[in-house]
Amino acid sequence: MKLLILLFLSFNFSLAYSSENPRVQAHDEAIKAVHDLHFVKDGRGMTLTPDAVNMFAFMAKLFGLSKPRDGFIEDKSGTKVGLFTKRWGLVEHDKEIKGFFNVPYKKMNVGAMGCAVCHSGKAAGQYIIGLGNKNIDVGKLAKDVEKASKLWKKMTVLKRKSKDYKRIEKDSMAFAKRLGNEKVTNLTQGLVPISMIMSWFYRAVAKTEMPDTTPRGAVKVPHFWGYGKKRFIGQFTDGFGNGTHAGWGLAVELAGTQTAENVRKMIPKIEHAENILADILPPKYPFKVNQVMANRGKKLFDNTCFKCHGTYERDAAGLPIYKEPKHIKIKVVKTDRDRLRGLTPEFLSLVERNPVPDYIQHNNIEPGYFAPRLEGVWARFPYLHNGSIPNMMALLTHPLERPKFWDLQRAGERDRFSENLLGLTLPKEGSRNYKKLEREAKSGARDVYSTSREGQSAKGHWFKFSDKLSNQDKKDLIEYLKTI
Ligand code: HEC
Ligand code: HEC
């Protein structure tokens, strides 16, 4: 009997997604659409510059990228520009930088930032659309764009520029300036400051710039699978956004250089985009799973973790049945609070008076975080909303003993993935590499995560049962988590 159950389980989990299954077909279409998605319209949106092709080539030289890799943008002389992965954390796959587009508008090539810049990424060497980019550094990107734009403007001062060119140039530079503001932007790769979205409400409603005292509220980019169920009880990591209408998808655009009127014209496209996110399936764990350990782990999970994270069933084809996540009060989970500090009465009142109130609405929910559903969790390291825990073993370790710094370089590549720890590899304590990282963490290196930076603490998520888990229990749990 036991053997039969084992066979059944391993059959279920190793089943390759069949391309004849309608859910798999819908998934394939959805990820293609997300890969190509951006909302730049009439030269407005997440625009970087009106002269993208030349400006990127210029930036490559300016920032010393003398040996560009294949696959980015070709400038007029045919030079290919790449190598922005290290500096800005852009995802490169199949010799292509993901999520940047040249959008033709009135004889210009407007540089546009699409969803895949942040909402696609790598884990264990696999490129996964709908996974958050583990390295994206919008703060650094914005600062560089601002610097380069100023020089570029000077260099092209003699060139005749149309009214539209000047407008896009001005808007894009203002966007970059806001995003690069050191007081409110992210301090580390892989984290996006929520202040980026908040700033729009200050400008659109209060007609002022956002105060520099606004918390950064930096979060890792969330995964998309399961969002179809999640959005109706709350969007984002804290459940603040009301997702009944495809509202906050707009906010990303508004945070750029978009106008409310223009955004209204795009509502059907935005609604469609949010709807197709429901079709995305989680990535399967690509390596071997020890099924005996996983079965033990499932039992442990169903006794402890399930209270917050739920249970995981599959349909007849072995595909996950999505459910709503549970919202947990901050006083229970006790993880970093910085992300929640921005939800002041002042901010709530700005949201209530926003110019697209029929779409952008907020929930009245007690401060806390979602206990996210754990499908495809193997790929979602570093863990927690602020990416403060490098791997699953560290999450199952007492908060005071968790790693305090680690390397984010090439976080999604195969050689950075530990199957045993489930997540990022770590240097050996006391080794040369360890000491080097420690120095870099202290000096503020953006590609080294340090839990002592503002909003980046690795506290909380420690419960009564946590102390009782033996080392073997933890290994068993990890094995189970690979299967969901
Ligand atoms: C600069 C990086 C960035 C870009 C570009 C971006 N997003 Fe996001 N997105 C985020 C971050 C970060 C969050 C999480 C915010 C939070 O939880 O506070 C998020 C959250 C979301 C959510 C809510 C997910 C959830 O679980 O509640 C949706 C939907 C979404 N984004 C859609 C989009 C779409 C569609 C685009 C393209 C038009 C896009 N995003 C572009 C960074 C980005
Ligand atoms: C009391 C409720 C509760 C219990 C019990 C609980 N968790 Fe969580 N878990 C949460 C909350 C809330 C978050 C999000 C916290 C945050 O992001 O700051 C979370 C986050 C996580 C994450 C991070 C997911 C990601 O994408 O970053 C993982 C993994 C996780 N939990 C695994 C577990 C496991 C395994 C157990 C059982 C050993 C467990 N949790 C028990 C509430 C709980």
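Applying the criterion of being among the basic types (Lys, Arg) and more than 12 Å from ligand 2 (Cβ to nearest atom) to the residues of the range 355-408, the residue that is surrounded by the most Cβ atoms within 10 Å (Cβ to Cβ) is Arg402. Out of Asp476, Asp447, which single residue is within 16 Å of ligand 2 (Cβ to nearest atom) and acidic (Asp, Glu)? Sole residue among the options that is within 16 Å of ligand 2 (Cβ to nearest atom) and acidic (Asp, Glu): Asp476. Considering only the range 273-282, I want to know if a residue exists there that is within 16 Å of ligand 2 (Cβ to nearest atom), surrounded by fewer than 18 Cβ atoms within 10 Å (Cβ to Cβ) and in a helix (DSSP H, G or I). No, the conditions are met nowhere in the range 273-282.
Output yes when any residue across the range 166-181 is assigned to a loop (DSSP other than H, G, I, E, B), within 16 Å of ligand 1 (Cβ to nearest atom) and either of a type outside the set (D, E, K, R) or surrounded by fewer than 21 Cβ atoms within 10 Å (Cβ to Cβ) (or both), and no when none is. For the range 166-181, residues assigned to a loop (DSSP other than H, G, I, E, B), within 16 Å of ligand 1 (Cβ to nearest atom) and either of a type outside the set (D, E, K, R) or surrounded by fewer than 21 Cβ atoms within 10 Å (Cβ to Cβ) (or both): present.
Any residue that is surrounded by 15 or more Cβ atoms within 10 Å (Cβ to Cβ), on the phi < 0 side of the Ramachandran plot, part of a helix (DSSP H, G or I) and of a type in the set (Lys, Arg) - is there at least one of those in the range 198-220? Taking every residue of the range 198-220 in turn, at least one turns out to be surrounded by 15 or more Cβ atoms within 10 Å (Cβ to Cβ), on the phi < 0 side of the Ramachandran plot, part of a helix (DSSP H, G or I) and of a type in the set (Lys, Arg). For the range 412-451, the set of residues classified as among the small types (Gly, Ala, Ser), part of a loop (DSSP other than H, G, I, E, B) and surrounded by 12 or more Cβ atoms within 10 Å (Cβ to Cβ) consists of Gly412, Ala445, listed by residue number.
Return the residues of the range 382-396 that are assigned to a loop (DSSP other than H, G, I, E, B) and either without any contact (Cβ under 8 Å) to a residue 24 or more places away in the chain or within 16 Å of ligand 1 (Cβ to nearest atom) (or both); say none if nothing qualifies. Answer for the range 382-396, where residues must be assigned to a loop (DSSP other than H, G, I, E, B) and either without any contact (Cβ under 8 Å) to a residue 24 or more places away in the chain or within 16 Å of ligand 1 (Cβ to nearest atom) (or both): Pro382, Leu384, His385, Asn386, Gly387, Ser388.
All of (1) closer than 20 Å to Lys147 by Cα; (2) in contact with a Gly (Cβ under 7 Å, 6 or more places away or on another chain); (3) within 11 Å of ligand 1 (Cβ to nearest atom) hold for His223 with one exception: (1). Does Gly297 meet the test of being within 23 Å of the chain's Cα centre (by Cα) and either in contact (Cβ under 8 Å) with a residue 40 or more places away in the chain or within 11 Å of ligand 1 (Cβ to nearest atom) (or both)? No: the conditions fail for Gly297. Restricting the first member to the range 22-39 and to residues that are in contact (Cβ under 8 Å) with a residue 12 or more places away in the chain and farther than 19 Å from Pro283 by Cβ, and the second to residues that are among the acidic types (Asp, Glu) and within 14 Å of ligand 1 (Cβ to nearest atom), the beta-carbon pairs closer than 9 Å and six or more apart or on different chains are Phe39/Glu253. Are any residues in the range 437-475 closer than 30 Å to Thr185 by Cβ and of a type in the set (A, V, I, L, M), and if so, which ones? Matches in the range 437-475: Leu437, Ala441, Ala445, Val448, Ala458.
The combined condition, being on the phi > 0 side of the Ramachandran plot and at pLDDT below 90, is fulfilled by Lys95.
For Thr244, indicate whether it is surrounded by fewer than 17 Cβ atoms within 10 Å (Cβ to Cβ), more than 16 Å from ligand 2 (Cβ to nearest atom), more than 30 Å from Glu419 (Cα to Cα) and of a type in the set (S, T, N, Q). For Thr244, the condition - surrounded by fewer than 17 Cβ atoms within 10 Å (Cβ to Cβ), more than 16 Å from ligand 2 (Cβ to nearest atom), more than 30 Å from Glu419 (Cα to Cα) and of a type in the set (S, T, N, Q) - is met.
The values are calculated or read from the model by the stated rules, or taken from the named source; none is laboratory data. Given the structure is predicted, the values throughout are model-derived calculations rather than measurements. FYI the Cβ positions are ideal-geometry reconstructions off the backbone, even for glycines, and counts take in every protein chain you see.
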